[in-house]
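Everything on this sheet refers to the single structure shown next.
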Amino acid sequence: MSDLFKLSIVVPCYNEEEVLHETTKELTAIVQELISKNKITATSKIVFVDDGSKDKTWPLIDEFSKKYEVVSGVKLSRNFGHQGALLAGVTSASKDSDAVITIDADLQDDVNAISKMVDEYLKGAEVVYGVRNNRDTDTAFKRNTAELFYKFMGFLGVHLVPDSADYRLMSQRACKVLLSYRERNLFLRGIVPMIGFKTAKVYYARKERFAGESKYPLRKMIKFAVDGITSFSIVPIKLIMGLGFFIVFVSLLLLIYSFVQKINGNVVNGWSSLMISIWALGGVQLISISVIGEYVGKIFSEVKQRPRFTIEKDIYTEKTEEENKR
(Lines give C-alpha, C1' and ligand atoms only; values in the text may rest on other atoms or scores of the structure.)
Protein backbone atom coordinates (compact mmCIF):
# COMPACT_ATOMS: atom_id res chain seq x y z
CA MET A 1 0.00 0.00 0.00
CA SER A 2 1.32 3.42 -0.95
CA ASP A 3 2.09 5.72 1.97
CA LEU A 4 0.37 8.62 0.19
CA PHE A 5 -3.40 8.32 -0.19
CA LYS A 6 -6.47 10.54 -0.48
CA LEU A 7 -8.46 10.86 2.73
CA SER A 8 -11.93 12.34 3.15
CA ILE A 9 -13.41 13.18 6.55
CA VAL A 10 -17.22 13.07 6.51
CA VAL A 11 -18.95 15.23 9.14
CA PRO A 12 -22.78 15.04 9.39
CA CYS A 13 -24.25 18.36 10.58
CA TYR A 14 -27.70 19.29 11.84
CA ASN A 15 -28.06 22.81 13.29
CA GLU A 16 -24.35 22.98 14.16
CA GLU A 17 -23.61 26.67 13.51
CA GLU A 18 -22.35 27.11 17.09
CA VAL A 19 -19.60 24.50 16.71
CA LEU A 20 -18.82 24.69 13.01
CA HIS A 21 -16.06 27.32 13.28
CA GLU A 22 -14.14 25.33 15.87
CA THR A 23 -14.78 22.00 14.14
CA THR A 24 -13.46 23.39 10.85
CA LYS A 25 -10.43 24.86 12.61
CA GLU A 26 -9.49 21.59 14.36
CA LEU A 27 -10.14 19.26 11.44
CA THR A 28 -8.34 21.55 8.98
CA ALA A 29 -5.31 21.58 11.27
CA ILE A 30 -5.30 17.75 11.42
CA VAL A 31 -5.58 17.43 7.63
CA GLN A 32 -2.83 19.98 7.01
CA GLU A 33 -0.58 18.18 9.49
CA LEU A 34 -1.12 14.83 7.74
CA ILE A 35 -0.44 16.47 4.36
CA SER A 36 2.77 18.02 5.66
CA LYS A 37 3.89 14.60 6.95
CA ASN A 38 3.31 13.14 3.46
CA LYS A 39 0.76 10.64 4.73
CA ILE A 40 -2.20 11.90 2.68
CA THR A 41 -2.50 13.78 -0.60
CA ALA A 42 -3.03 17.54 -0.85
CA THR A 43 -6.41 16.78 -2.48
CA SER A 44 -7.75 15.25 0.74
CA LYS A 45 -10.99 16.80 1.92
CA ILE A 46 -13.28 17.53 4.86
CA VAL A 47 -16.86 16.86 3.74
CA PHE A 48 -19.53 18.55 5.85
CA VAL A 49 -22.99 17.09 5.21
CA ASP A 50 -25.85 19.46 5.99
CA ASP A 51 -28.78 17.29 7.05
CA GLY A 52 -31.55 19.81 6.42
CA SER A 53 -30.39 22.29 9.09
CA LYS A 54 -32.68 25.18 9.98
CA ASP A 55 -29.91 27.54 11.14
CA LYS A 56 -26.87 28.94 9.32
CA THR A 57 -25.05 25.62 9.04
CA TRP A 58 -25.13 25.45 5.23
CA PRO A 59 -24.16 29.10 4.61
CA LEU A 60 -21.17 28.52 6.90
CA ILE A 61 -20.20 25.33 5.07
CA ASP A 62 -20.47 27.16 1.75
CA GLU A 63 -18.33 30.01 3.12
CA PHE A 64 -15.64 27.70 4.49
CA SER A 65 -15.51 25.71 1.24
CA LYS A 66 -14.57 28.92 -0.59
CA LYS A 67 -12.11 29.96 2.11
CA TYR A 68 -10.30 26.64 2.60
CA GLU A 69 -9.22 24.34 -0.22
CA VAL A 70 -9.58 21.24 1.99
CA VAL A 71 -13.17 22.02 2.99
CA SER A 72 -16.17 20.94 0.93
CA GLY A 73 -19.79 20.15 1.59
CA VAL A 74 -22.88 18.21 0.63
CA LYS A 75 -26.35 19.66 1.17
CA LEU A 76 -29.31 17.29 1.56
CA SER A 77 -32.74 18.39 0.34
CA ARG A 78 -34.25 17.85 3.81
CA ASN A 79 -33.54 16.16 7.12
CA PHE A 80 -32.85 12.44 6.54
CA GLY A 81 -31.43 11.70 9.98
CA HIS A 82 -27.90 11.19 11.25
CA GLN A 83 -27.39 7.78 9.63
CA GLY A 84 -28.72 8.97 6.28
CA ALA A 85 -26.41 11.99 6.35
CA LEU A 86 -23.42 9.78 7.14
CA LEU A 87 -24.26 7.49 4.26
CA ALA A 88 -24.71 10.43 1.88
CA GLY A 89 -21.26 11.73 2.78
CA VAL A 90 -19.66 8.31 2.38
CA THR A 91 -21.40 7.85 -0.99
CA SER A 92 -19.96 11.10 -2.38
CA ALA A 93 -16.51 10.85 -0.80
CA SER A 94 -15.77 7.19 -1.48
CA LYS A 95 -16.00 7.64 -5.25
CA ASP A 96 -12.41 8.89 -5.46
CA SER A 97 -11.06 8.66 -1.89
CA ASP A 98 -8.79 5.84 -0.77
CA ALA A 99 -10.19 6.05 2.77
CA VAL A 100 -13.07 7.81 4.52
CA ILE A 101 -13.34 8.82 8.17
CA THR A 102 -16.72 9.65 9.71
CA ILE A 103 -16.95 11.85 12.79
CA ASP A 104 -19.66 13.95 14.45
CA ALA A 105 -19.45 17.74 14.38
CA ASP A 106 -19.78 18.31 18.14
CA LEU A 107 -16.06 17.62 18.87
CA GLN A 108 -16.84 15.07 21.59
CA ASP A 109 -14.78 12.55 19.65
CA ASP A 110 -11.08 13.43 19.90
CA VAL A 111 -9.91 14.60 16.45
CA ASN A 112 -6.33 13.69 17.37
CA ALA A 113 -7.31 10.03 17.03
CA ILE A 114 -7.51 10.61 13.26
CA SER A 115 -3.71 10.44 12.99
CA LYS A 116 -3.73 7.08 14.79
CA MET A 117 -6.47 5.81 12.47
CA VAL A 118 -4.37 6.80 9.46
CA ASP A 119 -1.39 4.92 10.92
CA GLU A 120 -3.52 1.78 11.35
CA TYR A 121 -4.77 2.13 7.78
CA LEU A 122 -1.18 2.38 6.52
CA LYS A 123 -0.46 -0.86 8.41
CA GLY A 124 -3.16 -2.59 6.38
CA ALA A 125 -6.38 -2.19 8.39
CA GLU A 126 -9.43 -1.48 6.20
CA VAL A 127 -11.81 -0.64 9.04
CA VAL A 128 -10.51 1.27 12.06
CA TYR A 129 -12.90 1.86 14.97
CA GLY A 130 -12.63 4.81 17.30
CA VAL A 131 -13.37 3.38 20.74
CA ARG A 132 -13.97 5.44 23.89
CA ASN A 133 -11.68 4.40 26.74
CA ASN A 134 -14.10 5.95 29.24
CA ARG A 135 -17.59 7.45 29.43
CA ASP A 136 -16.89 9.98 32.19
CA THR A 137 -18.63 12.77 30.28
CA ASP A 138 -21.89 10.78 30.15
CA THR A 139 -24.48 10.74 32.91
CA ALA A 140 -24.76 7.62 35.08
CA PHE A 141 -28.09 6.86 33.39
CA LYS A 142 -26.58 7.04 29.91
CA ARG A 143 -23.55 4.95 30.89
CA ASN A 144 -25.69 2.22 32.44
CA THR A 145 -28.24 2.12 29.62
CA ALA A 146 -25.45 2.01 27.02
CA GLU A 147 -23.82 -0.92 28.79
CA LEU A 148 -27.19 -2.67 29.03
CA PHE A 149 -27.84 -2.04 25.33
CA TYR A 150 -24.53 -3.60 24.24
CA LYS A 151 -25.14 -6.63 26.47
CA PHE A 152 -28.68 -7.05 25.15
CA MET A 153 -27.52 -6.78 21.53
CA GLY A 154 -24.90 -9.44 22.28
CA PHE A 155 -27.64 -11.64 23.74
CA LEU A 156 -29.59 -11.20 20.49
CA GLY A 157 -26.55 -12.31 18.52
CA VAL A 158 -25.75 -8.88 17.06
CA HIS A 159 -22.00 -8.21 17.03
CA LEU A 160 -21.22 -4.58 17.89
CA VAL A 161 -17.97 -2.92 18.92
CA PRO A 162 -18.66 -1.77 22.51
CA ASP A 163 -18.17 1.96 23.20
CA SER A 164 -17.72 2.62 19.49
CA ALA A 165 -20.12 5.06 17.85
CA ASP A 166 -19.88 6.36 14.27
CA TYR A 167 -16.27 7.52 14.57
CA ARG A 168 -14.38 5.19 12.25
CA LEU A 169 -12.13 4.92 9.21
CA MET A 170 -13.07 2.74 6.23
CA SER A 171 -11.06 1.98 3.12
CA GLN A 172 -12.62 2.59 -0.28
CA ARG A 173 -13.22 -1.13 -0.64
CA ALA A 174 -14.97 -1.29 2.74
CA CYS A 175 -17.10 1.74 1.79
CA LYS A 176 -18.20 0.05 -1.43
CA VAL A 177 -19.26 -3.05 0.50
CA LEU A 178 -21.13 -0.86 3.01
CA LEU A 179 -22.98 0.90 0.18
CA SER A 180 -24.01 -2.47 -1.24
CA TYR A 181 -26.20 -3.00 1.83
CA ARG A 182 -29.54 -1.59 0.72
CA GLU A 183 -31.43 -1.25 4.03
CA ARG A 184 -33.60 1.82 4.48
CA ASN A 185 -33.65 1.30 8.25
CA LEU A 186 -30.01 2.22 8.82
CA PHE A 187 -28.05 1.10 11.85
CA LEU A 188 -24.46 1.52 10.73
CA ARG A 189 -22.95 0.37 14.03
CA GLY A 190 -24.40 -3.05 13.30
CA ILE A 191 -23.78 -3.10 9.55
CA VAL A 192 -20.09 -2.09 9.53
CA PRO A 193 -18.89 -5.08 11.64
CA MET A 194 -20.60 -7.34 9.08
CA ILE A 195 -18.32 -6.03 6.31
CA GLY A 196 -15.31 -8.03 7.43
CA PHE A 197 -11.74 -7.26 6.25
CA LYS A 198 -8.88 -6.49 8.59
CA THR A 199 -9.93 -4.24 11.48
CA ALA A 200 -8.20 -2.25 14.20
CA LYS A 201 -9.19 -0.11 17.17
CA VAL A 202 -7.99 3.29 18.28
CA TYR A 203 -8.81 4.35 21.83
CA TYR A 204 -9.52 7.92 22.89
CA ALA A 205 -11.11 9.89 25.73
CA ARG A 206 -14.53 11.30 24.93
CA LYS A 207 -14.90 15.00 25.69
CA GLU A 208 -17.76 17.33 26.55
CA ARG A 209 -19.71 18.77 23.65
CA PHE A 210 -17.96 21.97 22.52
CA ALA A 211 -21.18 24.00 22.18
CA GLY A 212 -24.86 23.68 21.35
CA GLU A 213 -27.29 20.97 22.37
CA SER A 214 -27.15 17.22 21.90
CA LYS A 215 -28.99 16.02 18.81
CA TYR A 216 -29.73 12.72 20.58
CA PRO A 217 -32.19 13.32 23.43
CA LEU A 218 -33.68 10.33 25.29
CA ARG A 219 -36.53 9.93 22.80
CA LYS A 220 -34.14 9.62 19.83
CA MET A 221 -31.81 7.34 21.79
CA ILE A 222 -34.71 4.96 22.48
CA LYS A 223 -35.76 5.02 18.81
CA PHE A 224 -32.16 4.40 17.76
CA ALA A 225 -31.92 1.40 20.11
CA VAL A 226 -35.23 -0.03 18.85
CA ASP A 227 -34.06 0.39 15.24
CA GLY A 228 -30.85 -1.43 16.07
CA ILE A 229 -32.64 -4.32 17.74
CA THR A 230 -35.37 -4.83 15.15
CA SER A 231 -33.03 -4.34 12.18
CA PHE A 232 -30.76 -7.23 13.15
CA SER A 233 -32.72 -9.76 15.17
CA ILE A 234 -36.10 -11.53 15.32
CA VAL A 235 -35.46 -12.70 18.89
CA PRO A 236 -38.12 -10.25 20.27
CA ILE A 237 -40.77 -12.09 18.23
CA LYS A 238 -39.52 -15.41 19.59
CA LEU A 239 -39.67 -13.98 23.12
CA ILE A 240 -43.30 -13.03 22.51
CA MET A 241 -44.05 -16.64 21.54
CA GLY A 242 -42.34 -17.81 24.72
CA LEU A 243 -44.36 -15.33 26.75
CA GLY A 244 -47.55 -16.63 25.14
CA PHE A 245 -46.74 -20.22 26.12
CA PHE A 246 -45.91 -19.07 29.66
CA ILE A 247 -49.27 -17.29 30.00
CA VAL A 248 -51.11 -20.39 28.72
CA PHE A 249 -49.24 -22.48 31.30
CA VAL A 250 -50.18 -20.09 34.11
CA SER A 251 -53.80 -20.12 32.88
CA LEU A 252 -53.89 -23.93 33.11
CA LEU A 253 -52.55 -23.75 36.66
CA LEU A 254 -55.25 -21.22 37.58
CA LEU A 255 -57.89 -23.45 35.97
CA ILE A 256 -56.80 -26.42 38.11
CA TYR A 257 -56.73 -24.16 41.20
CA SER A 258 -60.26 -23.01 40.43
CA PHE A 259 -61.55 -26.61 40.19
CA VAL A 260 -59.89 -27.47 43.52
CA GLN A 261 -61.45 -24.43 45.17
CA LYS A 262 -64.85 -25.37 43.71
CA ILE A 263 -64.62 -28.91 45.11
CA ASN A 264 -63.62 -27.57 48.53
CA GLY A 265 -66.48 -25.12 48.52
CA ASN A 266 -64.22 -22.08 48.83
CA VAL A 267 -65.73 -20.23 45.90
CA VAL A 268 -65.78 -16.46 46.41
CA ASN A 269 -66.60 -13.55 44.14
CA GLY A 270 -63.63 -13.20 41.78
CA TRP A 271 -64.19 -9.75 40.39
CA SER A 272 -60.73 -8.43 41.39
CA SER A 273 -58.78 -11.39 40.03
CA LEU A 274 -60.88 -11.39 36.87
CA MET A 275 -60.24 -7.70 36.17
CA ILE A 276 -56.52 -8.03 36.92
CA SER A 277 -56.28 -10.96 34.50
CA ILE A 278 -58.10 -9.05 31.75
CA TRP A 279 -55.89 -5.98 32.13
CA ALA A 280 -52.69 -8.07 32.31
CA LEU A 281 -53.55 -10.12 29.23
CA GLY A 282 -54.71 -7.01 27.37
CA GLY A 283 -51.40 -5.29 28.13
CA VAL A 284 -49.39 -8.31 26.98
CA GLN A 285 -51.40 -8.50 23.76
CA LEU A 286 -50.91 -4.82 22.99
CA ILE A 287 -47.16 -5.04 23.60
CA SER A 288 -46.95 -8.15 21.42
CA ILE A 289 -48.89 -6.53 18.59
CA SER A 290 -46.67 -3.43 18.85
CA VAL A 291 -43.47 -5.47 18.54
CA ILE A 292 -44.80 -7.39 15.56
CA GLY A 293 -46.05 -4.10 14.09
CA GLU A 294 -42.53 -2.68 14.37
CA TYR A 295 -41.24 -5.47 12.12
CA VAL A 296 -44.16 -5.13 9.70
CA GLY A 297 -43.49 -1.38 9.54
CA LYS A 298 -39.86 -2.03 8.61
CA ILE A 299 -40.94 -4.42 5.87
CA PHE A 300 -43.34 -1.73 4.62
CA SER A 301 -40.49 0.78 4.54
CA GLU A 302 -38.04 -1.57 2.83
CA VAL A 303 -40.30 -2.81 0.04
CA LYS A 304 -41.03 0.74 -1.16
CA GLN A 305 -37.33 1.17 -1.97
CA ARG A 306 -37.42 4.94 -1.53
CA PRO A 307 -34.10 6.84 -1.71
CA ARG A 308 -32.24 6.91 1.60
CA PHE A 309 -31.24 10.53 0.96
CA THR A 310 -31.46 13.21 -1.72
CA ILE A 311 -28.51 15.49 -2.43
CA GLU A 312 -29.41 19.06 -3.32
CA LYS A 313 -25.87 20.42 -3.77
CA ASP A 314 -22.53 18.62 -3.84
CA ILE A 315 -19.56 20.97 -3.45
CA TYR A 316 -17.26 17.98 -2.87
CA THR A 317 -17.88 16.59 -6.37
CA GLU A 318 -17.61 20.06 -7.92
CA LYS A 319 -14.21 20.64 -6.29
CA THR A 320 -12.98 17.19 -7.25
CA GLU A 321 -13.93 17.71 -10.90
CA GLU A 322 -12.16 21.07 -10.95
CA GLU A 323 -9.01 19.50 -9.49
CA ASN A 324 -9.06 16.71 -12.08
CA LYS A 325 -9.19 19.27 -14.88
CA ARG A 326 -6.04 21.04 -13.67
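The values are calculated or read from the model by the stated rules, or taken from the named source; none is laboratory data. Fair warning: this is a prediction, and the values are worked out from it, not measured in the lab. Cβ placement follows ideal geometry from the backbone for every residue including glycine, while neighbour counts extend to all protein chains displayed. In case anyone asks, the SASA skips ligands and DNA or RNA and just uses the protein heavy atoms, side chains included. Shrake-Rupley method; radii C 1.70, N 1.55, O 1.52, S 1.80 Å.
Quick look at the values:
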| quantity | calculated |
| --- | --- |
| Pick from region 162-193, criterion assigned to a helix (DSSP H, G or I) and without any contact (Cβ under 8 Å) to a residue 24 or more places away in the chain, ranking: nearest to residue 147 (Cα to Cα) | 191 |
| All positions within region 127-176 that are at pLDDT 80 or above, in contact with a strand residue (DSSP E or B) (Cβ under 9 Å, 6 or more places away or on another chain) and open to solvent by 30 Å² or more (accessible area, probe 1.4 Å) | 133, 172 |
| Every residue from region 97-119 that is among the charged types (D, E, K, R) and open to solvent by 50 Å² or more (accessible area, probe 1.4 Å) | 98, 116, 119 |
| Residue count, region 178-195 (criterion: closer than 18 Å to residue 85 by Cα and touching a strand residue (DSSP E or B) at 6+ places or on another chain (Cβ under 9 Å)) | 4 |
| Residue list for region 35-68, filter: in contact (Cβ under 8 Å) with a residue 60 or more places away in the chain and either of a type in the set (Val, Ile, Thr) or part of a loop (DSSP other than H, G, I, E, B) (or both) | 39, 40, 43, 47, 61 |
| Lone qualifier among 4, 20, 60 - being farther than 25 Å from residue 187 by Cα, of a type outside the set (Gly, Ala, Ser) and loosely packed, with under 15 Cβ neighbours inside 10 Å | 4 |
| Residue in region 40-57 that is surrounded by the most Cβ atoms within 10 Å (Cβ to Cβ), counting only those that are more than 20 Å from residue 87 (Cα to Cα) and out of contact with any Leu (no Cβ under 7 Å at 6 or more places or on another chain) | 43 |
| Subset of region 23-34 that is open to solvent by 10 Å² or more (accessible area, probe 1.4 Å) and either without any contact (Cβ under 8 Å) to a residue 40 or more places away in the chain or assigned to a strand (DSSP E or B) (or both) - its residue that is farthest from residue 118 (Cα to Cα) | 25 |
| Checking residue 180 against (1) out of contact with any Lys or Arg (no Cβ under 9 Å at 6 or more places or on another chain); (2) open to solvent by less than 20 Å² (accessible area, probe 1.4 Å); (3) at pLDDT 80 or above, the condition it does not meet | (2) |
| Subset of region 1-22 that is out of contact with any strand residue (DSSP E or B) (no Cβ under 9 Å at 6 or more places or on another chain) and outside any helix (DSSP H, G or I) - its residue that is modelled with the lowest pLDDT | 1 |
